[in-house]
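Here is the structure we will look at.
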Amino acid sequence: MNATQARIQKLEAQVNAMAQAWLYLAANIEMQTGIEMEGMEAALRKKHWPGNPGIDGEGRAALNWLCNELASARAVRRNARQAGAVH
């Protein structure tokens, strides 16, 4: 692996770690406070980088992925609560 490939791999790992940390923190805020992050998700989904079209598409895709993951986790928790209430 050359130096550029190693740097890219390191950056990818760092971004992935930050994404996982963000998901963990956001989910814990929801679980511990009862505050749902749907408003924040809506704002994040509108985020764009008009002055930097080179990162706009990838940035928007990453934010949408994060929002989808958080929404999916919320749905799983909600379904688990509802299933527990039924039984």
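The values are calculated or read from the model by the stated rules, or taken from the named source; none is laboratory data. Note that this is a predicted model, so its numbers are computed, not measured. Backbone-built Cβ (ideal geometry, glycine too); neighbour counts: all protein chains shown. Remember, those area values only see protein heavy atoms, side chains included, never the ligands or the DNA or RNA. Shrake-Rupley method; radii C 1.70, N 1.55, O 1.52, S 1.80 Å.
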Percent accessible area from carbon and sulfur atoms, the chain, protein chains only, probe 1.4 Å: 61 percent
Quote the Stokes-Einstein diffusion coefficient, in whole µm² s⁻¹, for the chain, based on the Kirkwood radius over alpha carbon pairs, a temperature of 37 °C and a viscosity of 0.692 mPa s. 218 µm²/s
With each run of n ≥ 4 DSSP H residues scored as -39500 (n - 2.57), what mean residue ellipticity at 222 nm is computed for the chain after dividing by its residue count and rounding to the nearest 500 deg cm²/dmol? -30000 deg cm²/dmol
Just to compare against my own numbers: the Cα pair-distance distribution for region 43-87, 10 Å bins, whole % per bin, please. 26, 32, 19, 15, 6, 1
How much accessible area per residue does the chain have, counting only protein heavy atoms and a probe of 1.4 Å, in square angstrom? 74 Å²
Please work out how much length the chain gains when fully extended from Gln20 to Ser72, using 0.36 nm per residue of separation minus the C-alpha to C-alpha distance, in nm with one decimal. 17.3 nm
For the chain, with a Gaussian network of springs between Cα atoms less than 10 Å apart, report the residue from Ala27, Ala13, Ala73 with the top mean-square fluctuation. Ala13
Got a sec to turn the phi values of region 28-43 into Karplus ³J(HN,Hα) couplings, 6.51 cos²θ - 1.76 cosθ + 1.60 with θ = phi - 60°, whole Hz, x for Gly and Pro? 5, 4, 4, 5, 7, 10, x, 7, 8, 9, 4, x, 5, 4, 4, 5
Tell me the relative contact order for the chain as a rounded percent, counting alpha carbon contacts under 8 Å between residues six or more apart. 26 percent
Nearest-20 debye value, region 5-87 charge dipole, Cβ charges on Lys, Arg, Asp, Glu: 60 debye
Report, in degrees rounded to the nearest 10, the 0 to 90 angle that the Cα long axis of helix 53-86 makes with the longest principal axis of the chain. 20 degrees
